[in-house]
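This report concerns only the one structure given below.
Rule-based calculations on the coordinates, nothing more; no lab input. This one's a predicted model, so the numbers in the text were calculated from it and none came from an experiment. Glycine also receives a Cβ, built like all others from the backbone with ideal geometry; neighbour counts cover every protein chain displayed.
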Amino acid sequence: MAFQCQRDSYAREFTTTVVSCSPAELQTEGSNGKKEVLSGFHVVLEDTLLFPEGGGQPDDRGTINDISVLRVTRRGAQADHFTQTPLTPGTEVQVRVDWERRFDHMQQHSGQHLITAVADHLFGLKTTSWELGRLRSVIELDSPSVTAEQVAAIEQSVNEKIRDRLPVYVRELSLDDPGVEQVRGRGLPDDHAGPIRVVTIKSVDSNMCCGTHVSNLSDLQVIKILGSEKGKKNKTNVTFLAGNRVLEWMEKSHSTEKALTALLKCGPGDHVEAVKKLQNSSKLLQKNNLNLLRDLAVHIAHSLRNSPDWGGVVTLHRKEGDSEFMNIIANEIGSEKPFTFSLPPAQGESLRAALGFPVIFSSKTPSLTVSLLPRVAEVLEGKGAGKKGRFQGKATKMSRRAEVQALLQDYVSTQSAEE
């Protein structure tokens, strides 16, 4: 059977009766990205204004007697509404739909039907699947590639049909109706029951579909195809926006353009060239900085070897270095003695983002790498690996460098006493 939301996609309020209410759980994803299980109820109504997910379209949101509905799913010929408050069977209730979400889904879904039909008509590009995303929607076409010229032609054609204000209507056909053979579709769900619902765009397309749709293409306002990219298994994904999403995208793009104009001190037409100049300038500065750091690394290495403290444990801690800077010093030193070297990130000692904790070198005592340095990693609450007398890794407690130095100094002193 068709629900009220399918019979009248524009209805915003509806009165019906509660059929049943049973305990249920809903798995959701919290703001921190962790899975969360909510306890609540599955409420079944005689009919519903809230669309259950299906046909590539997400479910509606709304309320039943001002009680929030957090999920709507189809189960056979009925819809389960998940709420966290029970409702008494037999009670007459008023259902309200989140209209902004509903109308957005109607625009994207009808837009998908239109793009699919035009792509097939113009270039024989068949749709194999689609996704109505939170920000953008994607149509998967059965082709290894789609050219920019084809995308432009499809976009031009769909917007011409929107301007022609073509009507969109829904009809129901029985399974044995000969007209079913003329309808595009990708098959029916295993639990389908009752007549087949067909959505038709006049003179353009007829397609089996359970979703909610606009009644006239003029309600789509405009469609913007953002581009195409290679998909999986010789498929191509086409990304698009329809209706209000185009306006929102334009507003964000305009805000970005204004911000860039203020930052780059030039008009929108010169943004690209201005950024290219900045990139070239940045690359030159990075190159010059790298050359200077290399020279500094060599100088530091020689200074350390000539230091009166050389022979025990020498510690170097620099904020401006990088991994190459660290390795240049290590190679220049070629130390026979234990040497520690640490590089915090540019922000200072931000413990979680350290480039590396002390790197230890000992060409004459490779056993140091195996026996002692895992303990160093433990002290610094990090992890790393040793190879050929060198140990390197990342740490979260750079503030404990003094403990590491003491640990290594004790090791060196013990080794010297034994010798």
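Some notes on this structure:
- Spin-label pair Q27-H121: with each label point 7 Å from Cα along the Cα-Cβ axis, the two points sit 4.3 nm from one another.
- For the pair R305 and R134, the difference between a 0.36 nm per residue extended length and the Cα-Cα distance amounts to 55.5 nm.
- At full extension, A148 and N280 could sit 44.6 nm farther apart than now, given 0.36 nm per residue minus the alpha carbon distance.
- Theoretical FRET efficiency, 1/(1+(r/R0)^6), r = Cβ-Cβ of H254 and E332, R0 51 Å, to 0.05: 0.45
- Distance violations [Cα-Cα > 29 Å] among K235/K276; K224/K277; K232/K276; K230/K276: K235/K276; K224/K277; K232/K276
- Within the range 255-306, the trypsin sites (Lys or Arg not before Pro) that combine a DSSP coil assignment with at most 12 other C-beta atoms in a 10 angstrom radius are K265.
- Taking 7 Å steps out from each Cα toward its Cβ at S218 and L247 produces label points 1.6 nm apart.
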